[in-house]
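Here's the structure we're looking at; comments come further down.
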Amino acid sequence: MSHDIAVIGGGPAGLSAAINARVRNKTVLVVGNDYRESPLYRAERVDNYLGMPGLTGAQLLDAYQRHAEDMGVEFRHGRVLNIMPMEHTCYLSIGTDMEEAGAVILATGVSRGKKFPGEAEFLGRGVSYCATCDGMLYRDKQVVVVGLAPDAAEEANFLQGLGCRVTYVSGKAPEGLDPAIAYVRATKLEIVGEASVTALRAGDEEIPCQCVFLLRHAIPPTDLLPALELENGYIRVDREMRTNLPGVFAAGDCTGLPLQLSKAAGEGLIAGQKAAEYLDGL
């Protein structure tokens with residue numbers, strides 16, 4: 001399906017961008033996790049947002065979501081696994097599906113975890129970020145699911161249903177995991193192998209496997225777009241929220257300090273406006 005603009009991330013920056021693009025009559029798809037999983041949603045009180053002191057994070061995000069829905073923004077829960085910029089369009093891989101957009105706005109927040117040892121080396125050789133994409137390749141084989149997202153147990157159950165021999169690893173016991181799936185509690189992880197993955201070291205235990213599925217909330221922007229330029233670890237943008245890639249904009253925490261709600265909403269406004277202008281100029 002084709003949209004004028006795809007926004008990656010449904011927080012304050014992403015929804016501000018989406019709303020301002022809709023004001024300019026652009027079709028907008030927001031791809032991300034359930035907004036109620038955001039750390040902001042659990043904030044007991046927000047006092048530094050102009051004109052609206054004392055609200056909880058949940059009240060603010062509920063209002064943002066209603067506003068965007070009322071404006072006709074489309075939503076899709078899922079992880080963007082890859083973005084392929086082409087001339088005047090971008091293709092986004094979301095699970096096993098593909099979406100097309102004329103412009104992309106990155107509003108992914110900040111990455112809250114480093115790569116595990118061996119993750120980058122074995123990506124595509126036994127490291128996967130998508131159970132539905134790659135699960136069929138490992139039917140009747142041993143796989144490990146590293147649960148770092150709320151839907152990871154569901155994905156592990158899916159792999160078990162395909163016929164994979166699944167072990168689930170996370171820092172705390174998941175809810176809804178198939179009782180037939182072995183569970184290992186661990187947070188110190190290392191992916192090991194030779195030509196491809198052979199095992200996951202989880203704490204003091206080594207779990208033999210042919211694939212490790214790393215199921216995070218989201219994938220870092222530079223994994224989505226390797227040519228994306230960074231500055232001090234954040235996406236480099238100009239004052240119009242343009243990145244170094246044509247048709248790709250960014251807003252919010254992913255562009256740098258301060259990591260504040262007002263900044264995110266303001267940058268989202270600019271990104272939405274400028275993405276719409278970019279499309280009008282094609």
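The values are calculated or read from the model by the stated rules, or taken from the named source; none is laboratory data. Bear in mind the structure is a predicted one, so any value in this text is a computation, not a measurement. Virtual Cβ from ideal backbone geometry, glycine too; neighbours counted across all protein chains shown.
Structural remarks
- The conditions of being outside the structural domain of Asn82 (by TED's automatic domain parsing), more than 26 Å from Leu224 (Cβ to Cβ) and surrounded by 16 or more Cβ atoms within 10 Å (Cβ to Cβ) are met by Ala202.
- Checking each residue in region 197-227 for being touching a residue at least 24 places away in the same chain (Cβ under 8 Å) and over 19 Å from Val146 (Cβ atoms) picks out Pro221, Leu224, Leu225.
- Positions within region 172-188 being surrounded by 13 or more Cβ atoms within 10 Å (Cβ to Cβ) and within 21 Å of the chain's Cα centre (by Cα), in sequence order: Pro174
- Flag for Ala131 being within 16 Å of the chain's Cα centre (by Cα), under 16 Å from Gln210 (Cβ atoms) and buried (at least 22 other Cβ atoms within 10 Å of the Cβ): yes
- Test for Gly161: is it over 28 Å from Pro221 (Cα atoms) and part of a helix (DSSP H, G or I): yes
- Condition met for Ala156 (assigned by TED's automatic domain parsing to the domain that holds Val237 and either in a strand (DSSP E or B) or at pLDDT 95 or above (or both)): no
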